[in-house]
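Below is one structure, written out as structure tokens, with a few remarks after it.
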Amino acid sequence: GIQVEQSPPDLILQEGANSTLRCNFSDSVNNLQWFHQNPWGQLINLFYIPSGTKQNGRLSATTVATERYSLLYISSSQTTDSGVYFCAVLEWPGSQGNLIFGKGTKLSVKP
Amino acid sequence: DTEVTQTPKHLVMGMTNKKSLKCEQHMGHRAMYWYKQKAKKPPELMFVYSYEKLSINESVPSRFSPECPNSSLLNLHLHALQPEDSALYLCASSPTAGGGTYEQYFGPGTRLTVT
């Protein structure tokens with residue numbers, strides 16, 4: 001099955017710093033999503049981005065499907081950005097909807 | 001509205017108890033999912049319902065029994081659980097499961113403790 005690798009596994013930032021999180025996947029995908037899991041466990045949708053570039057406020061994401069990677073950029077980080085960031089993909093073809101998650105990047109933003 | 005709701009938020013149950021987790025969405029989605037997440041691990045798929053029919057069962061023990069009464073509701077019935085079943089149980093939905101837009105939306109989860 002498809003493999004999803006995220007890096008770095010842990011990241012500590014000072015408030016106001018910028019960061020880039022990476023997601024590599026081993027095969028063609030039909031869906032790629034970035035999530036932020038807050039300390040209470042809620043998975044918050046950040047981006048649905050099987051290809052291309054999207055921006056939402058201080059966050060942006062780029063997926064280069066032909067090279068099998070996606071990047072999540074966080075600018076001017078805030079303490080509320082702390083949590084775990086997951087990348088998740090759907091295999092193509094043949095998927096029946098089961099998202100395959102990477103192991104996540106745990107981000108800690110210090111004031 | 002992209003909301004998926006789950007009840008209860010927390011559940012403590014003994015190994016001989018029977019309980020149910022509930023999930024609801026009103027986005028008109030036709031695919032619904034149960035995931036299990038252990039501490040410091042990513043979510044893992046348990047079941048997929050597509051058009052109210054079970055389409056994926058990821059070799060989940062029979063002490064977990066899913067049910068999809070209608071297109072908006074998803075239940076997970078629990079019976080004779082083990083302490084290792086303690087985890088965060090997440091429900092998700094998406095417009096479809098087999099084609100078109102796959103974006104999945106997750107509920108807040110039920111944190112289950114088995115004593």
Total residues in the stretch B:35-68, condition away from chain A (no Cβ under 11 Å) and either modelled with pLDDT of 95 or more or part of a loop (DSSP other than H, G, I, E, B) (or both): 14
Residues of the stretch A:14-43 satisfying the condition of being at pLDDT 95 or above and over 23 Å from residue A:2 (Cβ atoms): A:14, A:15, A:16, A:17, A:18, A:19
Complete set of residues in the stretch A:7-50 that are out of contact with any helix residue (DSSP H, G or I) (no Cβ under 7 Å at 6 or more places or on another chain), of a type in the set (D, E, K, R) and within 24 Å of residue A:79 (Cα to Cα): A:10, A:22
Of residues in the stretch B:69-96 being over 17 Å from residue B:113 (Cα atoms) and among the polar types (S, T, N, Q), the one modelled with the highest pLDDT: B:75
Scope the stretch B:65-109; condition open to solvent by less than 30 Å² (accessible area, probe 1.4 Å), free of Cβ contacts under 8 Å to residues at least 24 places away in the same chain and more than 22 Å from residue A:37 (Cβ to Cβ); matching residues: B:99
Any hit, the stretch B:19-33, residues being surrounded by fewer than 17 Cβ atoms within 10 Å (Cβ to Cβ), closer than 26 Å to residue A:33 by Cβ, touching a Pro at 6+ places or on another chain (Cβ under 9 Å) and small (Gly, Ala, Ser): yes
Output for the stretch B:69-86, where each listed residue is over 24 Å from residue B:3 (Cα atoms), away from chain A (no Cβ under 14 Å) and among the polar types (S, T, N, Q): B:82
Wholly enclosed strands (runs of 3 or more DSSP E) of the stretch A:32-111 bearing at least 1 residues surrounded by fewer than 16 Cβ atoms within 10 Å (Cβ to Cβ): A:43-48, A:52-56, A:59-64, A:69-74, A:105-110
Any hit, the stretch A:14-25, residues being away from every other protein chain (no Cβ under 14 Å), open to solvent by 40 Å² or more (accessible area, probe 1.4 Å) and closer than 11 Å to residue A:89 by Cβ: yes
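The values are calculated or read from the model by the stated rules, or taken from the named source; none is laboratory data. Predicted, not measured: the structure shown is a model, and the values here were computed from it. Reconstructed Cβ throughout: ideal geometry from the backbone, glycine too, with neighbour counts over all protein chains shown. Ligands, DNA and RNA are stripped out before the accessible areas are found, and what is left, the full protein with its side chains, is counted by its heavy atoms. Shrake-Rupley method; radii C 1.70, N 1.55, O 1.52, S 1.80 Å.
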